[in-house]
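Undergrad: Quick one: the structure is below, questions incoming.
The values are calculated or read from the model by the stated rules, or taken from the named source; none is laboratory data. Everything numeric in this text was worked out from a predicted model, so none of it was measured. Cβ placement follows ideal geometry from the backbone for every residue including glycine, while neighbour counts extend to all protein chains displayed. These accessible areas exclude ligands, DNA and RNA; they are computed on the full protein's heavy atoms, side chains included. Shrake-Rupley method; radii C 1.70, N 1.55, O 1.52, S 1.80 Å.
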Amino acid sequence: QVQLVESGGGLVQPGGSLRLSCAASRSIFSIYALGWYRQAPGKQRDLVAAITSGGSTNYADSVKGRFTISRHNAKNTVYLQMNNLKPEDTAVYYCNAWPSIGGYWGQGTQVTVSS
(Lines give C-alpha, C1' and ligand atoms only; values in the text may rest on other atoms or scores of the structure.)
Protein backbone atom coordinates (compact mmCIF):
# COMPACT_ATOMS: atom_id res chain seq x y z
CA GLN A 1 0.00 0.00 0.00
CA VAL A 2 1.39 3.35 -1.04
CA GLN A 3 1.28 5.99 1.65
CA LEU A 4 2.79 9.44 2.01
CA VAL A 5 2.16 11.40 5.20
CA GLU A 6 3.34 14.97 5.55
CA SER A 7 3.88 16.78 8.85
CA GLY A 8 5.71 19.73 10.37
CA GLY A 9 3.82 22.70 8.99
CA GLY A 10 2.67 25.65 11.03
CA LEU A 11 2.65 29.38 11.47
CA VAL A 12 6.01 31.13 11.43
CA GLN A 13 7.18 34.72 11.20
CA PRO A 14 9.12 35.97 8.18
CA GLY A 15 12.74 34.96 8.50
CA GLY A 16 11.87 31.91 10.57
CA SER A 17 12.43 28.22 9.91
CA LEU A 18 10.43 25.02 9.70
CA ARG A 19 11.29 21.42 8.94
CA LEU A 20 8.74 19.33 7.09
CA SER A 21 8.74 15.54 7.18
CA CYS A 22 7.25 13.04 4.78
CA ALA A 23 6.93 9.44 5.92
CA ALA A 24 6.72 7.21 2.86
CA SER A 25 5.83 3.58 2.50
CA ARG A 26 8.78 1.40 1.62
CA SER A 27 7.32 0.58 -1.77
CA ILE A 28 7.59 4.16 -2.99
CA PHE A 29 10.64 5.24 -1.03
CA SER A 30 12.89 2.57 -2.46
CA ILE A 31 11.81 2.96 -6.08
CA TYR A 32 11.18 6.60 -6.83
CA ALA A 33 12.86 9.93 -6.60
CA LEU A 34 10.81 12.04 -4.20
CA GLY A 35 9.77 15.65 -4.24
CA TRP A 36 8.17 18.36 -2.19
CA TYR A 37 5.50 20.40 -3.92
CA ARG A 38 3.42 23.36 -2.81
CA GLN A 39 0.14 24.95 -3.74
CA ALA A 40 -0.88 28.44 -2.73
CA PRO A 41 -4.54 29.54 -2.90
CA GLY A 42 -5.59 30.14 -6.48
CA LYS A 43 -2.31 28.83 -7.91
CA GLN A 44 -1.14 25.59 -9.44
CA ARG A 45 0.83 23.01 -7.55
CA ASP A 46 4.53 23.38 -8.26
CA LEU A 47 7.67 21.44 -7.47
CA VAL A 48 9.75 22.99 -4.68
CA ALA A 49 12.56 20.46 -4.34
CA ALA A 50 13.35 16.89 -5.31
CA ILE A 51 15.87 14.23 -4.39
CA THR A 52 16.83 11.04 -6.16
CA SER A 53 17.58 7.73 -4.52
CA GLY A 54 21.25 8.54 -5.03
CA GLY A 55 20.95 11.87 -3.24
CA SER A 56 21.03 14.25 -6.19
CA THR A 57 18.86 17.30 -5.57
CA ASN A 58 16.90 19.81 -7.60
CA TYR A 59 15.36 23.09 -6.39
CA ALA A 60 12.98 25.70 -7.69
CA ASP A 61 14.78 28.99 -8.25
CA SER A 62 12.60 30.71 -5.66
CA VAL A 63 13.90 28.52 -2.81
CA LYS A 64 17.53 27.95 -3.77
CA GLY A 65 19.83 28.80 -0.89
CA ARG A 66 16.95 28.76 1.62
CA PHE A 67 15.47 25.23 1.45
CA THR A 68 17.26 21.90 1.76
CA ILE A 69 15.77 18.53 0.88
CA SER A 70 17.20 15.36 2.41
CA ARG A 71 16.24 11.74 2.92
CA HIS A 72 16.76 9.25 5.73
CA ASN A 73 16.76 5.85 4.09
CA ALA A 74 16.45 3.82 7.28
CA LYS A 75 13.33 5.77 8.26
CA ASN A 76 11.79 5.98 4.76
CA THR A 77 11.45 9.70 5.38
CA VAL A 78 12.11 12.78 3.30
CA TYR A 79 12.67 16.16 4.92
CA LEU A 80 12.44 19.74 3.77
CA GLN A 81 14.37 22.21 5.88
CA MET A 82 13.06 25.69 5.20
CA ASN A 83 15.04 28.70 6.38
CA ASN A 84 14.56 32.43 5.93
CA LEU A 85 10.89 31.89 5.18
CA LYS A 86 9.00 34.58 3.29
CA PRO A 87 5.28 35.36 3.11
CA GLU A 88 5.27 34.08 -0.47
CA ASP A 89 6.24 30.64 0.84
CA THR A 90 2.76 30.34 2.36
CA ALA A 91 1.09 27.28 0.85
CA VAL A 92 0.04 23.71 1.46
CA TYR A 93 3.11 21.51 1.06
CA TYR A 94 2.88 17.98 -0.31
CA CYS A 95 5.32 15.20 -0.98
CA ASN A 96 5.05 12.78 -3.88
CA ALA A 97 7.19 10.90 -6.29
CA TRP A 98 9.19 12.97 -8.77
CA PRO A 99 7.73 13.29 -11.34
CA SER A 100 4.51 13.22 -9.39
CA ILE A 101 2.00 10.37 -9.57
CA GLY A 102 -1.63 11.35 -9.38
CA GLY A 103 -2.78 8.69 -6.98
CA TYR A 104 -0.05 9.40 -4.45
CA TRP A 105 -1.10 12.86 -3.24
CA GLY A 106 -1.65 13.04 0.52
CA GLN A 107 -3.36 15.64 2.70
CA GLY A 108 -0.39 17.98 2.76
CA THR A 109 0.72 20.25 5.56
CA GLN A 110 -0.08 23.96 5.80
CA VAL A 111 2.77 26.45 6.05
CA THR A 112 1.84 30.02 6.84
CA VAL A 113 4.46 32.76 6.96
CA SER A 114 3.08 35.89 8.54
CA SER A 115 3.90 38.47 11.15
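Undergrad: Count charges around residue 35 for me, please; just the other residues with Cβ under 13 Å from its Cβ, Lys/Arg as +1, Asp/Glu as -1.
TA: For residues surrounding residue 35, the net value is +1.
Undergrad: May I pose another question? Averaging sequence separations of C-alpha pairs under 8 Å and six or more residues apart, then dividing by the length of the chain, give the relative contact order as a whole percent. Don't jump to the answer; show the numbers that get you there.
TA: Details: 276 pairs, mean separation 43.2, N = 115.
Relative CO of the chain lands at 38 percent.
Undergrad: Could I ask something else about it? Projecting each Cα onto the charge dipole of the chain (Lys/Arg +1, Asp/Glu -1 at the beta carbon, about the Cα centre), which of 109, 93, 53 comes out farthest on the positive side?
TA: With unit charges placed on the Cβ atoms, the residue in question is 53.
Undergrad: Separate question: Rounded to the nearest 500, what is the chain's calculated 222 nm mean residue ellipticity when only DSSP H runs of at least 4 contribute -39500 (n - 2.57) each, over all residues?
TA: Only helices count here, giving -500 deg cm²/dmol.
Undergrad: Most mobile of 17, 56, 70 per a Gaussian network model of the chain (Cα springs, under 10 Å)?
TA: 56
Undergrad: Can I ask one more? How would 115, 62 rank on accessible area, largest to smallest, probe 1.4 Å?
TA: I get 115, 62, largest accessible area first.
Undergrad: Could you size up the charge dipole of the chain around its Cα centre, putting +1 on the beta carbon of Lys and Arg and -1 on that of Asp and Glu, and report it in debye to the nearest 20?
TA: Here the size comes out at about 160 debye.
Undergrad: Please give me the summed charge of the neighbours of residue 16: other residues whose Cβ is under 13 Å from its Cβ, Lys and Arg +1, Asp and Glu -1.
TA: +2
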